[in-house]
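Report on one structure; see the data block that follows.
Please treat every number below as a calculation from the coordinates, not as lab data. Treat the numbers as computed from the prediction; the structure is a model and nothing was measured. Don't worry about glycine lacking a Cβ; one is built from the backbone with ideal geometry, like all the others, and counts go over all protein chains shown.
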Amino acid sequence: MPSPKPSLFNGSQTPKETNSEFEVFRLKFEVTRAWGAKLHIGTQYLDMAINWFKYSSPASFYFLAGKMIPLFSVAAVLFCAVGLYIGFFVAPTDFQQGEAYRIIFIHVPAAWMSMFLYVVMAVWAGIGLAFNTRLSSMVATAIAPTGAMFTFLALWTGALWGKPMWGTWWVWDARLTSELILLFLYIGFMSLQAAIDDPRRADKAGAMIALVGVVNVPIIYFSVKWWNTLHQGASVSLTQSPKMATTMLTGMLIMSIACWMYAIAVILIRTRAIILERERHTSWVGELQGAER
């Protein structure tokens with residue numbers, strides 16, 4: 001008898017049953033491949049997170065900041081030049097305030113930065129307090145002088161603007177008073193840290209002031225809505241159309257970006273200085289000083 005031809009089916013399996021098994025195998029393979037792709041993507045994200053996490057080390061951040069400072073410095077100069085040109089030479093004269101209104105191109109960005117930098121400082125100080133991370137506290141310490149400078153600039157330009165508009169340099173208006181309190185909070189943060197010799201204890205004490213003082217920021221912003229004040233309302237609102245000419249708004253926003261770029265550059269410079277001061281006894285700082293010699 002002729003030998004039976006080899007069959008693709010085993011035993012009593014029918015072609016239909018075998019096709020079903022093949023479909024199950026194919027589905028399992030597709031699911032496995034899909035999960036493998038997801039796992040690969042997840043591994044890539046994990047690697048990226050680890051690569052960025054290494055910059056939480058003061059030593060790694062020191063060199064990263066050194067690379068970023070020139071970029072933000074150049075951007076600050078360019079945006080400032082364009083913003084001032086639009087504000088002082090392109091924007092039209094205000095029909096009510098005349099040329100005096102042009103101080104808005106410095107006053108408003110400075111006021112925005114004074115509030116936002118305080119929140120950022122409090123966040124970094126809070127992270128340093130909660131997780132005991134050295135770099136977070138160093139960044140918070142570096143932010144404080146720049147935030148105080150913008151707060152003083154907002155108060156000073158506001159006084160220059162208020163004199164021709166209100167007839168006086170200063171009024172105890174809700175917004176002006178709360179902005180002055182913000183300046184005192186910045187000064188208190190810096191003074192307390194300077195008064196404590198141990199940097200870790202100084203960071204913790206400063207963080208407490210920074211976190212408590214955050215409550216003053218919404219008071220500054222909403223003061224013109226909560227109380228009847230002399231100070232005008234918000235210059236820009238997310239819920240309403242702009243109340244100023246497009247050219248004025250453009251110049252003010254560009255100046256705000258310039259202030260941002262300047263703040264980042266200066267904060268990075270100051271952070272590097274703080275890192276060198278606090279890490280001066282470490283081996284990598286010693287090697288850096290030896291290489292510079």
Quick one: order T151, T246 by neighbouring beta-carbon count within 10 Å, fewest to most.
T246, T151
3J(HN,Hα) from dihedral phi, the stretch 214-222, Karplus parametrisation 6.51/-1.76/1.60, rounded to Hz, x for glycine, proline
4, 4, 6, 5, x, 5, 4, 5, 8
Can you list the HN-Hα couplings for the stretch 169-181, worked out from phi with the Karplus curve (6.51, -1.76, 1.60; θ = phi - 60°), rounded to whole Hz and with x for Gly and Pro?
6, 8, 9, 7, 6, 4, 6, 5, 5, 5, 5, 5, 4
Going by average Cβ density within 10 Å per residue, which order do the peptides 74-86, 250-262, 193-205, 98-110 take, highest to lowest?
250-262, 98-110, 74-86, 193-205
Cα centroid distance between the stretch 246-290 and the stretch 175-189, in Å?
23
